[in-house]
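A.B. asks: My questions will all concern the structure given below.
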Amino acid sequence: MTVTIKLGQLAEFLGATLRGDGDKDITGLATLQEAGPGQVSFLANPQYRKFLAVSHAAAVLLKSADAEGFAGDALLVPDPYLAYAKISHLFDPKPKALPGVHPSAIIAEDAHVDAMASVGAFAVIESGARIAAGVTVGAHCFIGARSEVGEGGWLAPRVTLYHDVRIGKRVVIQSGAVLGGEGFGFANEKGIWQKIAQIGGVLVGDDVEIGVNTAVDRGALADTVIGNGVKLDNQIQIAHNVQIGDHTAMAACVGISGSTKIGKHCTIAGGVGMVGHIEVCDGVFVTGMTMVTRSITEPGAYSSGTAMQPAAEWRKSAARIRQLDDMARRLLQMEKVVEAVTSGGKASSEG
Amino acid sequence: MTVTIKLGQLAEFLGATLRGDGDKDITGLATLQEAGPGQVSFLANPQYRKFLAVSHAAAVLLKSADAEGFAGDALLVPDPYLAYAKISHLFDPKPKALPGVHPSAIIAEDAHVDAMASVGAFAVIESGARIAAGVTVGAHCFIGARSEVGEGGWLAPRVTLYHDVRIGKRVVIQSGAVLGGEGFGFANEKGIWQKIAQIGGVLVGDDVEIGVNTAVDRGALADTVIGNGVKLDNQIQIAHNVQIGDHTAMAACVGISGSTKIGKHCTIAGGVGMVGHIEVCDGVFVTGMTMVTRSITEPGAYSSGTAMQPAAEWRKSAARIRQLDDMARRLLQMEKVVEAVTSGGKASSEG
Amino acid sequence: MTVTIKLGQLAEFLGATLRGDGDKDITGLATLQEAGPGQVSFLANPQYRKFLAVSHAAAVLLKSADAEGFAGDALLVPDPYLAYAKISHLFDPKPKALPGVHPSAIIAEDAHVDAMASVGAFAVIESGARIAAGVTVGAHCFIGARSEVGEGGWLAPRVTLYHDVRIGKRVVIQSGAVLGGEGFGFANEKGIWQKIAQIGGVLVGDDVEIGVNTAVDRGALADTVIGNGVKLDNQIQIAHNVQIGDHTAMAACVGISGSTKIGKHCTIAGGVGMVGHIEVCDGVFVTGMTMVTRSITEPGAYSSGTAMQPAAEWRKSAARIRQLDDMARRLLQMEKVVEAVTSGGKASSEG
């Protein structure tokens, strides 16, 4: 699948300053190292500046400052990475579904599917569900009773929405994601776990992305809430009644326990775990694999864990950590002894 | 979807002492803070007691002791959280499937589906499988050859059971869960991994719950075994030949390696990992994200990991941990010096 | 489902030295402790040697050295575990699909499905896809546009390949795995995340295994690459543009961030996380739940984390870790004081 766009058209699309041959045919995008003569590249990270001179790219997205001394064709933009993001969609080989319902799909009589929506093979859409205009429902998707997908959404093949899951506009959901699963709610009766029905739903804002095999549980009583512009990577677990603020991003394999509330514009790195019933304020960055066991009330970066070592050294460190409390006591004890000795020494020297 | 139940009926259902208007219509459940005039709430956690006086709930599930001084309607019960669990199912908007097989489902001729079971759209049930009375098999489910689902089970849409997976009664399995996948078994032959066929099955007891996208691998030789009343949350990995004792609960994102045996009534918090071939006794609680690298023979709580810090402070701690072995040696060395000095001092003062 | 094979046939199949009755019927495999009179067992781990004398196995796969003093029937082989791996497939009860396309499958007109391939119920194969001879595509699988599955592959029910995913020969993919999902690529524009189209694909070598619910994202620009003989367990996350070298194995719940390059013959234990844009050389072993935050340039074993303790002791250790930087300073300070005192003492005694 090949798209061909003139370099001048790209400049126009981006509002970029064109330096070079606007008639050049562009057929794709690539890194500076890998770009061939039909491909556009970009320089965003200064550590790749060394590849600029030797790149075979047809043209490079550049800041004006970086363009000095570069002889090749260029599109001058204030933010090359953002410019790359914007034109990437022009070269995306992802198949675009046409409006219409595949004859194999099973749609409840009282579900509403907009005429401008696309529903794939073997999709199931249940009673009272609503699929808005411009939505793609992939093959094998299941849309539960009364669930809604807002305008322009894109559901990959095999996405499951249970009942009463309401999704905003332009939301992207990858394969295997499950929204509205029954959260982990049990009351313990003499050692036996009794299930609590999860009667809340899930509410997802606009412009959200939800990754492969990510799970967002329905609320126990009220809804689980995902704010506008939130981006969730793959293999994430969002428990019942979690609230995630607008424009917060989470990398893969994060687990958020029940009723935890995360602020806006947070960045949660991969493998982070958060306990339940805590609050994380706006503007927090949590580094990879950190265990968040208490609320965070100040913006900033937070971490836990230990640094990697060769295993033989690590075994020593790990053994010593278990002795730390003892070491701390001995250190304090010695400080007292040394203090006594040195003040004793002083006393005698003064005496 | 609205259910209406008289407050008096709820009291009768629970065996609770009714204090107030039994004719009041109840249409749902909510927290003390969020409950409206048609909703019942509950007071379980003492820290929410402050919301009791200001709640708009139609009635509150309360212990007798907490009811003193509360003017509103109440249902007096010994365990309000358990009472809430029990009535939650009355208000569950989850669609209930009627008995019968959807015409699009594909069922092997020699599979047995009870007339009182429900099989959803596009489900596939293979040769020799058995689906008991009162079972719901959701849309897009796959039930492999000779697999069995016992009475009253509920499989959400898109659950996969491979062949030879036997499931007890009243088992709930959420979307995306996979039981009977081929475990990670390979023999290394000169650097090349040779696959070992996984010829065991999976055996699941009664009253088990298995969460969204959780994986339970089949046994290599004998079966992987999940005991009665076990509750597994989302995104969990149970490797081949693991055994989990009755009424043990695991929160999300736990990973249990092959052949590990976990006792009864254990609670494993989120993100815990256990190495293979160990045994954990009954009544163990493992805190979140702990790495369990050896058998546990005494009931109690166990942990690993480090506490979260601001990232700048954490970097210092992490660097110091790598110096710990050196620090421990220096501390010991200094203790010897100080011991020598102080006993030397004593000697000289005594001399 | 029962297979019966003569013990002598197994010896021939393995090239083993038969000691005992070659006419004995063998119907399965089991551990030394569990084997019954029709089953073959094996002794690989010396710690199970104690079970050899009391085993009821029909015959045991043994090294010659271990056979001395064992009175039962045996198959003498150089590597009993490998021999077990090889014969395990003879007793595998996994249903074998016959060539042919299930009538319910939906296959694009311009897709190519070899006559000797098997396609299950409700599978969807899109435009330009290619399924080679001997491939099994399970029920509910989705094969995206232009994707290819090489000879002898086995896709469990419910596997998703997005578009432009190319898979080598004899590749096994378990249920719920998703290859080619759109990686987590966003450019931040004034606090708002702008999606970057993921225009690369996924390239998977020969003899690869991919576990249940594992995700391998497509490349942002170039392909994500999985080498020959790579084995990925369940619940793994492989981000965009990761490269994994030949014969590397990863246990469950591992997460590899974008553009990280892992060498050949590495072993990554369960729950390990790696940050993005690093390189790990050949022959590295990373222990469970380690956080890999920098490139590894020397083969060997690497670890992070702390050892499990009873929770009460752990709380003390965790608190002390936060004091470590302070402790290290105080230790150094005391060393100076002690040094001054002892050299002062020396000076005075010498004076």
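The values are calculated or read from the model by the stated rules, or taken from the named source; none is laboratory data. As the structure is a prediction and not an experimental result, all values here were calculated from the model. For neighbour counting, all protein chains shown are included, and Cβ atoms are generated from backbone atoms with ideal geometry for every residue, glycine included. Calculation scope for accessible area: heavy atoms of the full protein, side chains included, ligands and nucleic acids excluded. Shrake-Rupley method; radii C 1.70, N 1.55, O 1.52, S 1.80 Å.
A.B. asks: When the accessible area of the stretch C:61-208 is split by element with a 1.4 Å probe, what percent falls to carbon and sulfur?
C.D. replies: The computed percentage sits at 55.
A.B. asks: Provide the net charge surrounding residue A:13, with neighbours chosen by a C-beta distance below 11 Å and charges set as Lys +1, Arg +1, Asp -1, Glu -1.
C.D. replies: After counting each charged neighbour, the total is +1.
A.B. asks: Using the Cα centre of chain A as the reference point, and only Cβ charges (+1 on K/R, -1 on D/E), how large is the resulting charge dipole? Debye, rounded to the nearest 20.
C.D. replies: It works out to roughly 940 debye.
A.B. asks: Something else: Using amide H atoms built in the peptide plane, which far-off residues or other-chain residues are under 5 Å from residue B:169 H to H?
C.D. replies: It is B:206, B:207, by chain and number.
A.B. asks: For the stretch C:288-305, take each phi angle, set θ = phi - 60°, evaluate the Karplus expression 6.51 cos²θ - 1.76 cosθ + 1.60, and give the result in whole Hz per residue in order, putting x for glycine and proline.
C.D. replies: x, 6, 6, 9, 9, 10, 8, 4, 10, 10, 10, x, x, 9, 9, 8, 8, x
A.B. asks: In addition: Just to confirm my numbers, what's the Cα centroid distance between the stretch A:40-82 and the stretch B:153-177 in Å?
C.D. replies: Each part reduced to its Cα centre gives a spacing of 54 Å.
A.B. asks: Let me ask you something else. State, as an integer percentage, the relative contact order of chain C based on alpha-carbon contacts under 8 Å between residues 6 or more apart.
C.D. replies: 6 percent
A.B. asks: As a test of understanding, state the convex hull volume per residue of the stretch B:277-345 from its alpha carbons, in Å³.
C.D. replies: 175 Å³
A.B. asks: Same structure, new question: Could you sort out which of C:63/C:264; A:316/C:261; A:316/A:336; B:169/C:231; B:190/C:96; A:24/A:63 sit more than 25 Å apart by Cα distance in this structure?
C.D. replies: C:63/C:264; A:316/C:261; A:316/A:336; B:169/C:231; B:190/C:96
A.B. asks: Based on the Kirkwood radius over alpha-carbon pairs, what is the Stokes-Einstein translational diffusion coefficient of the stretch B:75-208 at 37 °C with 0.692 mPa s viscosity, in µm²/s?
C.D. replies: 201 µm²/s
A.B. asks: Could you grab the relative contact order for the stretch A:195-286? Cα pairs under 8 Å, six or more apart, rounded to a whole percent.
C.D. replies: Relative contact order of the stretch A:195-286: 21 percent.
A.B. asks: Can you pull out the buried accessible area for chains C and B, both sides counted, probe 1.4 Å, rounded to the nearest 100 Å²?
C.D. replies: It comes to approximately 6100 Å² buried between C and B.
A.B. asks: Determine by what factor the alpha-carbon radius of gyration of the protein assembly as shown differs from 2.2 N^0.38 Å, reporting the quotient.
C.D. replies: Compactness ratio reported: 1.01.
A.B. asks: Please compute the net charge surrounding residue B:242, taking Lys and Arg as +1 and Asp and Glu as -1 over other residues with Cβ under 14 Å from its Cβ.
C.D. replies: Every neighbour counted, the sum reads -2.
A.B. asks: Find me the longest stretch of chain A that has none of the exposed GluC sites (Glu not before Pro), where exposed means in a DSSP loop (not H, G, I, E or B) with at most 15 other Cβ atoms within 10 Å.
C.D. replies: The reported range is A:110-351.
A.B. asks: Tally Lys and Arg at +1 and Asp and Glu at -1 over the other residues with C-beta under 14 Å from the C-beta of residue B:69: what net charge comes out?
C.D. replies: +2
A.B. asks: With a Cα-only, solvent-free Debye model of chain C, what are the log10 I(q)/I(0) values at q = 0.09, 0.15 Å⁻¹?
C.D. replies: So the normalised log intensities are -0.71, -1.22.
A.B. asks: Keeping all protein chains in position, work out how much accessible area residue B:92 exposes to a 1.4 Å probe, and write it in Å² to the nearest 10.
C.D. replies: 20 Å²
A.B. asks: Would you rank A:142, B:13 by solvent-accessible area, highest first, keeping every protein chain in place and using a 1.4 Å probe?
C.D. replies: B:13, A:142
A.B. asks: Same structure, new question: Counting only protein heavy atoms, what percent of the accessible surface of the stretch C:1-59 is carbon or sulfur at a 1.4 Å probe?
C.D. replies: Solvent-exposed carbon and sulfur of the stretch C:1-59 make up 50 percent of the total.
A.B. asks: Taking a label point 7 Å from the Cα of residue A:298 along the Cα→Cβ vector, which residues of the stretch B:297-332 have an amide N closer than 14 Å to it?
C.D. replies: Residues B:309-314 qualify, since their backbone N sits under 14 Å from the label point.
A.B. asks: For labels at residue C:92 and residue A:9 in the simple 7 Å Cα→Cβ model, what's the distance in nm?
C.D. replies: With each label point 7 Å from Cα toward Cβ, the separation is 4.9 nm.
A.B. asks: From the phi of every residue in the stretch C:120-128, what ³J(HN,Hα) in whole Hz does the Karplus formula 6.51 cos²θ - 1.76 cosθ + 1.60 yield, where θ is phi - 60° and glycine or proline is x?
C.D. replies: x, 4, 6, 5, 10, 10, 8, 3, x
A.B. asks: What's the Cα-based Rg to Rh of the stretch B:211-351, Rh via Kirkwood?
C.D. replies: Ratio of gyration radius to Kirkwood radius: 1.28.
A.B. asks: Still on this structure: Using a 1.4 angstrom probe, figure out how much accessible area the protein assembly as shown has per residue, in square angstrom, rounded to the nearest whole.
C.D. replies: Per-residue accessible area for the protein assembly as shown comes out at 39 Å².
A.B. asks: Read phi for every residue in the stretch B:108-116 and hand back ³J(HN,Hα) as whole Hz from Karplus 6.51 cos²θ - 1.76 cosθ + 1.60, θ = phi - 60°, with x for Gly and Pro.
C.D. replies: With coefficients 6.51, -1.76 and 1.60, one gets 4, 4, 9, 7, 10, 10, 4, 5, 9 Hz.
A.B. asks: Mind checking the stretch B:177-273 for trypsin sites (Lys or Arg not before Pro) that DSSP puts in a loop (not H, G, I, E or B) and that have at most 12 other Cβ atoms within 10 Å?
C.D. replies: B:190
A.B. asks: Still on this structure, I have one more. Using Cα pairs under 8 angstrom and six or more residues apart, how large is the relative contact order of the stretch C:1-120, in percent?
C.D. replies: About 21 percent, as a whole number.
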